[in-house]
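No lab work stands behind these numbers, since they all come straight from the coordinates. Source: prediction; values computed, not measured. When we count neighbours, we look across all protein chains shown, and the Cβ atoms used for this are built from the backbone with ideal geometry, even at glycine.
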Amino acid sequence: LWAGRLLFAIEYPPEPPALPDAPAGPRVAIIIDDVGRDLATARKILDIDLFLNVAILPFSHKAFEIDQLLYQQGREILIHIPMEPQGYPEKNPGPQALFVNLDQDEIRRRFATYLQRVPHATGGNNHMGSRFTEEREGMRTVLDQMNKNGLFFVDSLTTPRSVAYAEAVKMGIPSIERDVFLDNVQDASRILAEIRKLVALAHRQGTAVGICHPHPETLEALRQSVRIFQESGVTVVPVSQLLRP
């Protein structure tokens, strides 16, 4: 009889790099929304020499894989929470979105599935949501789930009547509002002009938040903007460093 012992080597994934320390001086955070459809785009984002925050649509095709990739690269990940827009169903927020006619239990159930699909998220922001973010009761249910899971909230501010940020503040959830949409026009030169507005805003108020999307023109503008940030003395940081308690 063999009296030896079997030894099993358990391979654990490496710890991700730590987030950079908060620098002095004016700062901006840039969030790229609507990520999750393909790994190639996620890799292009990682190749840009800026600390870009990434908001993953939880039911996009490659959401889980992209979450793993970004986590190992030490990036800040947000759940891009799909919410009902004005004009639904012509404007469709996608599978398992949050609608104003859902009860609290169903909102909680759907939000739990987002956490499963994007497990390394540290925060979230709304995808569409120009209808949902105007409703206090629904937003409080969502924010309560975020609070229980230690997530911060960024109001994408897709409607001027949004109550989402105000409710987050009332509930004591670290949060912030979007300042500039960078790529409403998908042209690299126009996007660069919006990035310069973001820089100017950071100089005026100390911090600023920009939101954009993974269009080829946007990624090209972000690559070109590295020099703008270097020359302006504005640092691109994780959005968690700009949150208002």
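For region 135-245, the relative contact order is 25 percent, taking Cα pairs closer than 8 Å that sit 6 or more residues apart in sequence and dividing their mean separation by the residue count. For Lys197, a cut-off of 22 angstrom between C-alpha atoms picks up no lysines at all, skipping any fewer than 8 places away in its own chain. Hydrophobic long helices, here whole DSSP H runs in the chain with Kyte-Doolittle means of at least 0.0 and Cα atoms spread over 15 Å or more along the helix axis, are found at 188-205. Give the shape of region 54-194 as rounded, prolate or oblate, defined through the alpha-carbon gyration tensor: a ≥ b ≥ c are the square roots of its eigenvalues, a/c under 1.5 means rounded, and otherwise the shape is prolate if a/b is larger than b/c and oblate if not. Rounded, because the longest to shortest axis ratio a/c is under 1.5. Counting only lysines at least 8 places from Lys148 when in the same chain, those with an alpha carbon closer than 21 Å to its own are Lys170.
The Cα atoms of the chain give a gyration tensor whose axes a ≥ b ≥ c have a/c of 1.5 or more with a/b no greater than b/c, which makes the shape oblate. Just check region 149-245 against the gyration tensor rule for me: Cα atoms, a ≥ b ≥ c as the square roots of the eigenvalues, rounded for a/c under 1.5, and otherwise prolate or oblate depending on whether a/b exceeds b/c. Prolate, since a/c reaches 1.5 and a/b exceeds b/c. Once you reduce region 143-159 and region 191-233 to the center of their Cα atoms, the two points are 24 Å from each other.
Dividing the mean sequence gap of close Cα pairs (under 8 Å, 6+ apart) by how many residues region 18-113 holds gives a relative contact order of 22 percent.
Where both bridge residues fall in the chain, DSSP classifies roughly 5% of the beta bridges as antiparallel.
When only Cα pairs below 8 angstrom with a gap of at least 6 residues are kept, the chain shows a relative contact order of 25 percent.
Ala202 sits among other residues whose Cβ lies under 12 Å from its own Cβ, and their net charge, with Lys and Arg +1 and Asp and Glu -1, is +3.
Between the alpha-carbon centres of region 88-138 and region 163-180 there is a gap of 16 Å.
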